[in-house]
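Right, one structure below, let's go through it.
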Amino acid sequence: MRDLQFDNRFVRELPADPEAGRNVRQVHGACYSRVEPTPVRAARLLAWSSEVADLLGLEESDILAPGFAEVFGGNALLPGMEPYAACYGGHQFGNWAGQLGDGRAITLGETINAHGQRWELQLKGAGPTPYSRRADGRAVLRSSIREFICSEAMHHLGVPTTRALSLVGTGEDVIRDMFYDGHARPEPGAIVCRVAPSFIRFGSFEIFAARGEEPLLQQLIDFTIDRDFPELVHAEPDPGQRRVRWFEEVCRRTALMVAHWMRVGFVHGVMNTDNMSILGLTIDYGPYGWIDDFDPDWTPNTTDASGRRYRFGNQPHIAHWNLWQLANAIHPVVQDSAALERGLAIYAQTQEAEYRRMMQAKLGLAQWRPGEAGDDALLARLLRLLKAGEVDMTIFFRRLADIDPAVPTLDLLEDAFYDPARRAAVEPELLGWLREHGARVCAEALPAGPRQAGMNRANPLYVARNYLAQQAIDAAEAGDLSELQALHDVLRRPYDEQPGCERFAARRPEWARNRAGCSMLSCSS
Ligand code: AMP
Ligand code: MG
């Protein structure tokens with residue numbers, strides 16, 4: 001395959017761990033450890049994203065060349081690649097967890113495309129690193145498919161996210177105990193090549209703050225601003241003020257990302273601070289899930305089942321908590337508590353404003369009526385009914401555009417309900433809500449065509465529902481990749497009706513209600 005251009009600023013400008021080798025260790029005074037992927041037995045390309053290939057300047061012939069699976073399966077390096085694993089820490093489930101780091105992710109390098117854009121290439125599941133702790137550095141096919149499918153789906157939904165170039169099978173088994181209940185079994189292994197301008201996380205800063213390594217903390221902050229936020233360098237000549245502006249920008253981006261999650265019904269599942277991108281990208285797709293029946297209390301992550309810290313409706317709050325940890329971490333360098341508090345306030349304001357803007361679009365309203373009897377109340381009433389009636393979130397919002405506002409009925413919502421009794425309990429009130437909403441829409445007198453088109457741009461028809469991903473996984477584990485391809489394909493245009501793809505827009509079937517992988521996931525991946 002063709003050579004890529006690399007400009008590896010992270011390894012060039014930041015201090016490296018002087019120790020070599022993969023032995024597990026605490027790494028002090030360094031941002032990363034040099035480590036190469038561990039070769040695999042039989043690297044085989046299982047899926048790839050043509051859009052990400054385009055971003056990198058790769059053509060189909062490059063991807064399909066035999067060398068591609070070797071490089072992106074961890075068996076070979078291209079000229080210019082300088083692999084490393086990053087050192088970072090994090091708060092897991094609300095507690096400081098110390099050093100974590102890339103335990104199974106290995107960055108290959110920062111490639112520069114023809115437009116001068118920087119894209120970091122990172123293999124997930126490429127073997128042990130000094131940060132692997134007690135684990136094996138590998139990833140199973142099911143979780144790799146989930147990361148590949150969902151990160152691309154999120155991009156096409158317009159949600160800020162890391163991307164995925166490729167999914168490569170390793171030809172090796174990995175032993176996993178999916179629910180940590182003593183039932184370990186071998187599963188096929190795989191490697192995803194993730195792509196993003198940067199994989200720096202909140203935890204990348206927290207680790208140096210926790211260790212009192214302030215010069216390094218400052219170096220990483222200034223490096224991040226310089227490499228990943230160049231617009232701030234031009235806009236703000238004073239380095240102190242620039243760091244404040246930077247934190248505000250991180251707050252803004254995080255707010256936008258979370259508002260999008262709430263718009264499309266995405267539950268991250270493990271919003272630990274090591275899983276929060278400094279660029280405000282959705283990162284680390286693990287036990288995430290998609291809302292089928294609308295339930296703000298739902299979490300897909302069985303590891304979080306007792307506390308439900310990362311439940312759908314709690315995500316805006318947790319992002320704020322995580323930013324607060326970041327503010328604490330950078331405080332020794334910024335040294336301006338009031339400025340950091342202003343940043344956190346910017347998060348709250350932006351999150352609320354963006355959420356409202358998106359919900360307004362979802363509801364097809366031209367204006368958001370303020371006040372007690374305004375649209376906040378209208379929305380709250382709807383969300384309560386969707387939950388009480390066990391109504392499918394995606395189907396409800398998508399169909400809302402097609403319901404006649406002058407004479408609303410529930411006819412178009414026939415397949416949005418999961419439970420006849422719960423449906424019967426809310427039907428009268430839901431019809432009342434539709435009438436109120438219809439009256440609002442009629443009073444605004446937007447022409448139906450543009451109003452419906454606007455709603456359809458905010459309300460996806462196809463999302464990476466958990467059971468759909470699981471069906472693709474079941475087929476792929478049996479050697480059939482067609483389901484994965486079909487799902488990947490339909491999720492490229494999530495807002496467009498695609499004839500013949502109706503089954504990808506269907507509500508969760510009953511068999512999937514309590515099935516592993518469909519409603520219950522764990523961190524074991
Ligand atoms: P996560 O919950 O996936 O964000 O992972 C938390 C930490 O555990 C990170 O430092 C990961 O790199 C590490 N980790 C997760 N799975 C593995 C694995 N199979 N081998 C090595 N490290 C892992
Ligand atoms: Mg992680």
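Across the chain, C-alpha contacts under 8 Å between residues 6 or more apart give a mean separation that, scaled by the residue count, equals a relative contact order of 14 percent.
How do D228, D297, D404 rank when sorted from fewest to most other Cβ atoms within 10 Å of their own Cβ? Write out the running numbers ahead of the final one.
Details: D228 17, D297 10, D404 14.
Taking fewest neighbouring Cβ atoms as first place, the list is D297, D404, D228.
The distance from the alpha carbon centre of segment 112-127 to that of segment 368-390 is 43 Å, rounded to a whole number. Rg/Rh for the chain stands at 0.97; both radii use Cα atoms, and Rh follows the Kirkwood definition.
Say a paramagnetic label sat at a point 7 Å from the Cα of E372, along Cα to Cβ; which residues of segment 419-445 have their backbone N under 16 Å from it? Counting backbone N atoms under 16 Å from the label point, the list is empty. Among beta bridges from DSSP that stay inside the chain, the antiparallel ones total about 90%. Building the convex hull from the alpha-carbon atoms of segment 301-428 and averaging its projection over directions returns 11.3 nm².
Quick one: order S525, S50 by neighbouring beta-carbon count within 10 Å, fewest to most.
Details: S525 22, S50 13.
In order of increasing Cβ crowding within 10 Å: S50, S525.
Compared with the alpha-carbon gap, the fully stretched path from E427 to D54 is longer by 129.5 nm at 0.36 nm per residue.
Taking Cα pairs under 8 Å and at least six residues apart, what relative contact order does segment 42-185 come out at, in percent? About 27 percent, as a whole number.
What is the local net charge at Q335, summed over the other residues whose Cβ is closer than 11 Å to its Cβ (Lys, Arg +1; Asp, Glu -1)?
-1
The amide H of M276, built 1.01 Å from its N in the peptide plane, has F202, G203 as neighbours under 5 Å, considering only residues 5 or more places off or on other chains. Using a simple spin-label model with pseudo-atoms 7 Å out from Cα toward Cβ, Q452 and F179 lie 4.5 nm apart.
Within segment 418-441, what residues put their amide N at less than 14 Å from the label point 7 Å along the Cα-to-Cβ vector of V407? Flagged as within label range: none. Each residue of segment 493-503 was assigned a 3J(HN,Hα) from its phi angle through the Karplus expression (A = 6.51, B = -1.76, C = 1.60, θ = phi - 60°), giving 10, x, 9, 9, 5, 10, x, x, 10, 4, 5 Hz with x at Gly and Pro. Our coupling estimate for segment 283-298, obtained by passing each phi through the Karplus curve with A = 6.51, B = -1.76, C = 1.60 and θ = phi - 60°, is 9, 6, 7, x, x, 6, x, 10, 5, 8, 6, 5, 8, x, 8, 7 Hz, Gly and Pro reported as x. Computed from phi, the 3J(HN,Hα) profile of segment 480-491 under the Karplus parametrisation 6.51, -1.76, 1.60 (θ = phi - 60°) reads 10, 8, 5, 5, 4, 4, 5, 5, 4, 5, 5, 6 Hz, with x in place of Gly and Pro. The per residue volume of the convex hull around the alpha-carbon atoms of segment 453-525 is 110 Å³.
Can you give me the orientation-averaged projected area of the convex hull built on the Cα atoms of segment 160-304, in nm²?
Details: hull surface 46.9 nm².
Mean orientational projected area (segment 160-304, Cα hull): 11.7 nm².
Compute the projected area of the convex hull of the Cα atoms of segment 375-525, averaged over all viewing directions, and report it in nm² to one decimal place. List each step's numbers first, then the result.
Working: hull surface 42.6 nm².
Average projection, Cα convex hull of segment 375-525: 10.7 nm².
A straight chain from D489 to R435 at 0.36 nm per residue would run longer than the Cα-Cα distance by 15.8 nm. Amide H contacts under 5 Å for A105: G125, restricted to partners 5 or more places along the chain or on a different chain, H placed in the peptide plane at 1.01 Å from N. Debye-formula intensities of segment 18-61, expressed as log10 I(q)/I(0) at q = 0.21, 0.24, 0.28 Å⁻¹, are -0.80, -0.86, -1.02 (one equal scatterer per alpha-carbon, no solvent).
Measuring from centroid to centroid over Cα atoms, what is the spacing of segment 399-461 and segment 202-225 in Å? What the calculation gives is 49 Å, centre to centre. Remark: relative contact order (segment 391-471) = 43 percent; criterion is Cα-Cα distance under 8 angstrom and separation of 6 or more residues.
In this label model, A361 and F93 are separated by 3.6 nm, measuring between points 7 Å along each Cα→Cβ vector. Scaled against the 2.2 N^0.38 Å expected of a compact globular protein of N residues, the Cα radius of gyration of segment 135-224 reads 1.42. For Y32, nonlocal amide neighbours, meaning residues 5 or more places apart or on other chains whose placed amide H falls under 5 Å from its own, are D17, C87.
Working from label points 7 Å from Cα in the Cα-to-Cβ sense, the R25 to A443 distance is 6.9 nm.
Net charge near A65, counting Lys/Arg +1 and Asp/Glu -1 over other residues with Cβ under 13 Å of its Cβ? Working shown, then result.
Working: positive: R2; negative: D3, E59, E60, D62, E70.
Net of charged neighbours comes to -4.
Taking 0.36 nm per residue of separation and subtracting the Cα-Cα distance, full extension of the segment from Q335 to D297 would add 9.9 nm.
None of the figures in this text is laboratory data; all of them are computed from the coordinates on show. Note that the structure is predicted; figures quoted are calculated from it, not measured. Note that we place each Cβ from the backbone using ideal geometry, even for glycine, and neighbour counts take in every protein chain shown.
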